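The values are calculated or read from the model by the stated rules, or taken from the named source; none is laboratory data. Quantities reported herein were computed from a predicted structural model and do not represent experimental measurements. As a convention, Cβ positions derive from the backbone with ideal geometry for all residues, glycine included, and neighbour counts pool all protein chains shown. SASA here: full protein model, heavy atoms, side chains in, ligands and nucleic acids out. Shrake-Rupley method; radii C 1.70, N 1.55, O 1.52, S 1.80 Å.
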Amino acid sequence: MRVITLDMWQPDCPIVYLSEVIKDPRFYVIMPHVVGEKTRVFITVPSNNLKSSIRALKNHNSVRMVRVLWTENEISGVEIICKTTNAMDTFLHSEVIFQRAYFAQNGYERWGIIVENKKAEKEVIQRLKEDNEIHILHKERISTLTPALLMVDPPTYLRLISLLEVNLSETQRKILDKTLEKGYYEYPRRTTLKKIADDIGISKVTALKNLRRMEEVGMKLLAELIRIKVFGSYDLEKIKREI
């Protein structure tokens, strides 16, 4: 099997259109549900962009309905009912094992696709290129699938999004780069926090405070990934027993 990661501009996709109208933010796609010519899809929108996002979506000619489902922690959930896009229709009528839209940003939607072989890959890419603009970011052959990573449940997916959307300050980025570059997390450590702070030009207390904040985010992200791995391992073992 082969996995492909690509960015796709779609002339008929309201989420891509939204990311063209409102630059920079990522609009995460949680769960599309296709029923014939209509698609119901849930996306996340930064709350400070919510009003302008709703206006933009209502102006798109394929959108039949849009409504806000929740607002929490500066992120809002939005439900859209629209015409099924050409890309989604292509996936439904091609030899695609798995496909998922992850997010749209600056006019492109990021997709992950899994196909059986190179022939199927060539066919689906050719069909997508007929009506859309495609930029392939990564391709590789895989021998097994990990369902837990491909079919993360929506609540876990939202938690991962909230963790990944953390914006590091310039100081935090410098601390992160230096700790990894200088071997702060190696055993035994090749440097001290005091030396890292001196290199950056900040106090040890400031370095420690910022490092603890980043470590908290990192540990929460690790915990979510472990939950996903345990969930997937349990399901695979259960399937093996049933077979």
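Filtered by the rule that a residue be surrounded by fewer than 16 Cβ atoms within 10 Å (Cβ to Cβ) and more than 23 Å from the chain's Cα centre (by Cα), region 89-115 gives 93, 95. For the criterion of being within 11 Å of residue 104 (Cβ to Cβ), among the charged types (D, E, K, R) and out of contact with any Lys or Arg (no Cβ under 6 Å at 6 or more places or on another chain), residue 20 passes.
Anything in region 29-45 that is on the phi < 0 side of the Ramachandran plot and open to solvent by 30 Å² or more (accessible area, probe 1.4 Å)? List them, or say none. Result: 31, 32, 33, 34, 35, 37, 38, 40, 42. The helices (runs of 4 or more DSSP H) found entirely in region 161-243 that carry 1 or more residues being over 30 Å from residue 104 (Cβ atoms) and at pLDDT below 70 are 204-242. When region 119-144 is filtered for residues that are of a type in the set (Val, Ile, Thr) and either open to solvent by less than 80 Å² (accessible area, probe 1.4 Å) or within 16 Å of residue 96 (Cβ to Cβ) (or both), the ones remaining, listed by number, are 124, 125, 134, 136, 142. Every residue in region 178-216 that is within 16 Å of residue 168 (Cα to Cα) and open to solvent by 30 Å² or more (accessible area, probe 1.4 Å), please. 178, 180, 200, 206, 208, 209, 212, 213, 215, 216, listed by residue number.
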